[in-house]
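Participant: What follows is a structure written as structure tokens; I'll ask about it next.
The values are calculated or read from the model by the stated rules, or taken from the named source; none is laboratory data. On a predicted model such as this, the values are computed, not experimentally measured, just so you know. Because the Cβ atoms are built from the backbone with ideal geometry, glycine has one as well, and the counts that use them run over all protein chains shown.
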């Protein structure tokens with residue numbers, strides 16, 4: 001059946017319509033924010049009837065969730081590609097930080113969309129599970145840095161790598177939100193310089209708190 005030309009044409013049309021709705025929704029969410037947008041707004045932007053949009057999606061939550069899923073797929077792919085599987089603790093933290101900052105800088109609209117209402121709304125269960133799996137994968141690339149450091153003796157075997165992962169990630173996210181809120185407008189240093197310093201603080205703090213003497 002899937003090789004049937006009529007079926008292929010119907011599936012292509014279905015995918016094109018879904019993409020059309022998602023593009024329209026992205027535009028509306030960027031203009032009005034998640035909370036200010038309505039299904040009618042999305043339908044009008046897509047040049048469709050509201051009923052036609054509801055034919056493909058349960059509602060605004062599912063549309064927004066699908067966009068978040070796509071953004072998380074992009075984020076995970078960028079961080080996975082940019083991370084290092086070997087090197088010093090600082091080098092590996094810097095590599096994964098640079099990859100995530102690259103997402104922020106080069107895909108700023110995606111970063112803003114993900115920040116709009118994620119975790120504040122109820123998503124369809126299957127979609128929510130997909131996004132949570134992607135979040136877990138993203139954080140696993142940070143966690144593996146510290147897990148490897150424990151394995152090779154650079155960090156104490158008593159290190160709570162999960163907590164350390166969340167500490168490091170929150171420090172990275174914090175800088176991006178400082179920049180996003182324009183707190184760096186009237187300073188004489190760049191985002192890059194701030195990131196470089198933050199990576200050093202994270203690395204030195206980890207070594208001071210959890211490091212084993214005599215390791216590099």
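Participant: State yes or no: is residue 170 part of a helix (DSSP H, G or I) and loosely packed, with under 15 Cβ neighbours inside 10 Å?
Facilitator: yes
Participant: Turning to a different aspect of this structure: For residue 125, work out the one condition from (1) at pLDDT 95 or above; (2) out of contact with any helix residue (DSSP H, G or I) (no Cβ under 9 Å at 6 or more places or on another chain) it doesn't fulfil.
Facilitator: All conditions pass for residue 125, except number (1).
Participant: Taking residue 51 as meeting all but one of (1) exposed (fewer than 15 other Cβ atoms within 10 Å of the Cβ); (2) free of Cβ contacts under 8 Å to residues at least 40 places away in the same chain; (3) farther than 16 Å from residue 172 by Cα; (4) under 14 Å from the mean Cα position of the chain (by Cα), write down the number of the exception.
Facilitator: Failed condition: (4).
Participant: What do you reckon, is residue 71 over 12 Å from the mean Cα position of the chain (by Cα) and modelled with pLDDT of 95 or more?
Facilitator: Taking the combined requirement at face value, the residue does not satisfy it.
Participant: Just checking, how many residues over region 79-107 are within 12 Å of the chain's Cα centre (by Cα), touching a residue at least 24 places away in the same chain (Cβ under 8 Å) and surrounded by 17 or more Cβ atoms within 10 Å (Cβ to Cβ)?
Facilitator: 5
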